[in-house]
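Trainee: One structure, as structure tokens, below. Some questions next.
The values are calculated or read from the model by the stated rules, or taken from the named source; none is laboratory data. Because the structure is predicted, anything quoted here is derived from the model rather than measured. Because the Cβ atoms are built from the backbone with ideal geometry, glycine has one as well, and the counts that use them run over all protein chains shown. SASA here: full protein model, heavy atoms, side chains in, ligands and nucleic acids out. Shrake-Rupley method; radii C 1.70, N 1.55, O 1.52, S 1.80 Å.
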Amino acid sequence: RLVVQRGSFSAAADALGISQPAVSLQVRQLEQFLQTRLLERTGRGIKATAAGMALLAHSEQIDRAVNSAVQSVSAFSQEVNGSLTLGTGATACIHLLPPLLQHLRQQHPLLTVGVTTGNTLDIVRAVEENRLDLGLVTLPVQGRSLAVTAMLDEEFVTIYASRETEMPAVYTS
């Protein structure tokens, strides 16, 4: 569905947080299973074939059925599973998330974590609109129906060229 909505395999892969070849492989496997072409490339991107349109008409119902089946079966498992969507700024994404995500993958291999980067206002809005499950942002944060928990105290320092000149004036409030 995302390939058609976004108009390309690459855009769908970006939205899913996986590689473009992985998306292409999944579509190819689905086409082989159904024994018909679902997509065709056009000069303007990707377009669904008639068979693809017929399948798209059922996509929301398929998603609901699969999610319901997974939830029913997961009730018998003690393992943490499912998916979590996290939004954060670029700095946290680069410096804080890699070890956290590695730890989560080791401890909970059935948990799928998707990460989106953006500024604090966009992340807060996405959490409020249920497009993200969790946000890791800088304070202050205000919003409707949000639980906000401070996690880290960051130390900010001033850096400047080491010369014989005086340190520039630093203003604090």
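Trainee: Inspect all residues belonging to the stretch 131-141 and state whether any of them is among the β-branched types (Val, Ile, Thr), farther than 26 Å from residue 74 by Cα and open to solvent by 100 Å² or more (accessible area, probe 1.4 Å).
Mentor: No, the stretch 131-141 contains no residue that is among the β-branched types (Val, Ile, Thr), farther than 26 Å from residue 74 by Cα and open to solvent by 100 Å² or more (accessible area, probe 1.4 Å).
Trainee: Right, here's the next one. Give the residue that is nearest to residue 91 (Cα to Cα), with candidates limited to residues of the stretch 118-130 that are open to solvent by less than 80 Å² (accessible area, probe 1.4 Å) and of a type outside the set (A, V, I, L, M, F, W, C).
Mentor: Among those residues, the one meeting the criterion is 118.
Trainee: From the list 56, 104, which one is closer than 30 Å to residue 139 by Cβ, within 23 Å of the chain's Cα centre (by Cα) and open to solvent by less than 80 Å² (accessible area, probe 1.4 Å)?
Mentor: On the way: 56 fails: closer than 30 Å to residue 139 by Cβ.
When all the criteria are applied, what remains is 104.
Let's see how each residue does on (1) open to solvent by less than 30 Å² (accessible area, probe 1.4 Å); (2) at pLDDT below 90; (3) assigned to a loop (DSSP other than H, G, I, E, B):
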residue	(1), (2), (3)
13	yes, yes, no
18	no, yes, yes
25	no, yes, no
46	yes, yes, no
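Trainee: Okay, next question. Hey, can you tell me all the residues within the stretch 31-44 that are surrounded by 10 or more Cβ atoms within 10 Å (Cβ to Cβ) and either in contact (Cβ under 8 Å) with a residue 24 or more places away in the chain or outside any helix (DSSP H, G or I) (or both)? Walk me through how you get there before you give the answer.
Mentor: First pass over the stretch 31-44, keeping only residues surrounded by 10 or more Cβ atoms within 10 Å (Cβ to Cβ): 31, 34, 36-41.
Once the filter is applied, which keeps residues that are surrounded by 10 or more Cβ atoms within 10 Å (Cβ to Cβ) and either in contact (Cβ under 8 Å) with a residue 24 or more places away in the chain or outside any helix (DSSP H, G or I) (or both), the stretch 31-44 yields 36, 37, 38, 39, 40, 41.
Trainee: Continuing with the same structure: Every residue in the stretch 61-90 that is more than 23 Å from residue 110 (Cα to Cα) and surrounded by fewer than 12 Cβ atoms within 10 Å (Cβ to Cβ), please. So that I can check it myself, show each step before the final result.
Mentor: So the first thing to find is which residues in the stretch 61-90 are more than 23 Å from residue 110 (Cα to Cα), and the list is 61, 89-90.
Result: 61, 90.
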